[in-house]
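K.L.:
Pasting in a structure now, in structure tokens, and then I'll have a few things to ask.
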Amino acid sequence: MRKNENFSKAILDLDRMVHEPARLAILTVLASAEEVAFLFLQRITGMSKGNLSTHTQKLEAAGYLDTVKAFQGRIPVTSFRITEDGRLALKAYHKQLRALLPEEGKR
Amino acid sequence: MSGVDIQRLEALTHNYAEFDSRKSGLATALGGVMALIVGLNLIHPIRVLAGPWWHIQAALVFLMPVLWLPLKQILFRRLYRGLGPVKAIPDLAQERAKWRWSFSIAMVLMTFQTLALLGFVSGFAGVLRQPETIRLLSTRLPGVWQSWLWVAALPWLYLVLAPWWIKGVEEARAYLISLGPKLNPHSVLLHPRRRERQQGNQGLDDPGLHADPTRRLRLGHPHDSERPAGA
């Protein structure tokens, strides 16, 4: 019973900003590169433009990513960069998950 | 968005970013074709352009590796950015390897350049020792000097953009291979027999090919070898 309580508490302690699948996908992609274009992020995560914009805005508000706006010739290109806080949050989330699911972590 | 395959996402992003930074593909194939053209041109020069334009053709052949670098960049921007730019996380080990390769290219080029300059000095000393060639110096020196400026400048031209525009070890290798044929004229200095053969057979109209300036003084006008005897 005690074990189940701890498990539930650990689940509730997970960072909700990272735990949501769309945002987890975004942070995972951003953590694998230094800077990622909006279009690439959209294609690789399979999200719609609106959905991706909403999630990136939330992550930016939480301080987990930075938006970089630049021009390539005359074409505006929006890119994203993960911040140090975002990287730490993702790392902490992975650590928490491994602790919760030790068998999954070993795979 | 349901389940997230973290490993797949990481691998795809990493691969795309690496591809983005190296700009390989068609540009590498094009570099190979360019190296082939240069190599064939040195074995059997084909004059596509006549008269003074020949010098432009020769210059284009010699500058091909340098032209390849911006061409690679243009091709990449036009063909390989379908999903927008993705910058890879800087890899220090790869960066160090790239600079090591650039340094190696620099060393190879500098060695050949030093040999070429030594050849020039020794050839010039030879001219000064022979009274019959000294009188030709004033008329021939500007031409010889022009040719030797090529020999002196080419390695710098090949080097100047390389560390910034070459993005990976594979590209550095490809660049070095494309530079290989350019060093062929300098290798004349290393093979005295070959030098004698070239002195007898080869025309002197390729800029930058003059390993020994006395050849020009002995053989006269660059196009003499093409004129019919007695003309």
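K.L.:
Out of all the residues in region B:124-141, is one or more assigned to a helix (DSSP H, G or I), within 25 Å of residue B:179 (Cβ to Cβ) and touching a helix residue (DSSP H, G or I) at 6+ places or on another chain (Cβ under 6 Å)?
P.N.:
No: region B:124-141 contains no residue that is assigned to a helix (DSSP H, G or I), within 25 Å of residue B:179 (Cβ to Cβ) and touching a helix residue (DSSP H, G or I) at 6+ places or on another chain (Cβ under 6 Å).
K.L.:
Given the criteria without any contact (Cβ under 8 Å) to a residue 60 or more places away in the chain, among the aromatic types (Phe, Trp, Tyr) and more than 10 Å from chain B (Cβ to nearest Cβ), does residue A:40 qualify?
P.N.:
no
Okay, residues lined up against (1) more than 16 Å from residue B:9 (Cβ to Cβ); (2) at the interface with chain B (Cβ under 9 Å from one of its Cβ atoms); (3) loosely packed, with under 15 Cβ neighbours inside 10 Å:
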{"site": "A:7", "(1), (2), (3)": "yes, no, yes"}
{"site": "A:26", "(1), (2), (3)": "no, no, no"}
{"site": "A:32", "(1), (2), (3)": "no, yes, no"}
{"site": "A:45", "(1), (2), (3)": "no, yes, no"}
{"site": "A:50", "(1), (2), (3)": "yes, no, yes"}
{"site": "A:58", "(1), (2), (3)": "yes, no, no"}
{"site": "A:65", "(1), (2), (3)": "no, no, no"}
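K.L.:
Can you name the number of the only condition in (1) within 14 Å of chain A (Cβ to nearest Cβ); (2) at pLDDT below 75; (3) loosely packed, with under 14 Cβ neighbours inside 10 Å that residue B:15 fails?
P.N.:
For residue B:15, the exception is condition (2).
K.L.:
Do we find that residue B:56 is farther than 29 Å from residue A:47 by Cβ, surrounded by fewer than 14 Cβ atoms within 10 Å (Cβ to Cβ) and at pLDDT 75 or above in this structure?
P.N.:
yes
K.L.:
Next question, about the same structure. Considering only region A:67-88, state which residues are more than 13 Å from chain B (Cβ to nearest Cβ) and either touching a residue at least 60 places away in the same chain (Cβ under 8 Å) or surrounded by 13 or more Cβ atoms within 10 Å (Cβ to Cβ) (or both).
P.N.:
A:67, A:83, A:86
K.L.:
Go through region B:1-12 and give me each residue that's at pLDDT 85 or above and among the aliphatic types (A, V, I, L, M).
P.N.:
The answer is B:6, B:9, B:11, B:12.
The values are calculated or read from the model by the stated rules, or taken from the named source; none is laboratory data. Owing to the predicted nature of the structure, the values given are computational and were not obtained by experimental measurement. Methodologically, a virtual Cβ is constructed for each residue, glycine included, from the backbone with ideal geometry; neighbour enumeration extends over all protein chains shown.
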